[in-house]
1. Please list the three semi-axes, largest first and in whole Å, of the ellipsoid equivalent to the range 1-78, using sqrt of 5 times the eigenvalues of its alpha carbon gyration tensor.
2. State the antiparallel share, in %, of DSSP beta bridges confined to the chain, rounding to the nearest 5.
3. Kirkwood hydrodynamic radius, computed over distinct alpha-carbon pairs, for the chain: how many Å, to one decimal?
4. Which value does Rg/Rh take for the range 75-165 over its C-alpha atoms, Rh per Kirkwood?
5. Over all directions, how big on average is the projection of the convex hull of the alpha-carbon atoms in the range 59-101, in square nanometres?
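Quick note: the coordinates plus some simple rules give every number you see, no bench work behind them. Keep in mind the model is a prediction, meaning the values are calculated, not measured.
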Amino acid sequence: MTIENADRLLCAAIEGQVPAWPGPGEAGECRRFIERLDYHGMAPLLDRALADSVNRDSWPPAIREHCHQSVRAQALAEMAHRRELSRVLDAFDGAGIKPLLLKGTPIAYTHYESPVLRQRGDTDLLVPLSAKVEAEAVLSGLGFVRYPGVTGEFISYQSLWTRTDDLGVTHLDMRKTKQIV
């Protein structure tokens, strides 16, 4: 299966027009499709689309099982992520810092049936430049560690923070950046 064919099949499935699987579903073909599926982070979405499809049984068992496993893993990750994000937002609120959530995380909660369907690896938070020192203190106080990186007024206002929680889940990239005015 070519990348283009895999992408076309994924697009059709996500648009709610799940086609029958094209072909015998050989192991190599399934592996290539799964690689593309994971590249796009769409296994939970495909699992959801297949659940309601009359063509579900035509899809190879390896792909369906991969989707099921991805949903379970993403559900666990989402529970841990939500818990950690709530901790961060509560601490910011307690410090009087009002961050703006950007991109993946707010989209997962506002545009998807379930946030589990929107895979993501980070949370982007925008805080006022005037709250930078206090935001760093809050993150540090919560156990986050800042990744070393180049900083400076004309280089980057962004910083990367990470923490491994008591469940062993590593939360990457709780970012804070300069407020855009």
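1. Ellipsoid half-lengths, sorted descending, are 18, 14, 12 Å.
2. Details: 9 of 13 bridges.
Here the share of antiparallel DSSP bridges comes out near 70 percent.
3. Numbers: mean 1/r = 0.0544 Å⁻¹.
One over the average 1/r among Cα pairs gives 18.4 Å for the chain.
4. Details: Rg = 13.7 Å, Rh = 14.2 Å.
The Rg/Rh ratio comes out at 0.97.
5. On the way: hull surface 14.6 nm².
Value for the range 59-101: 3.7 nm².
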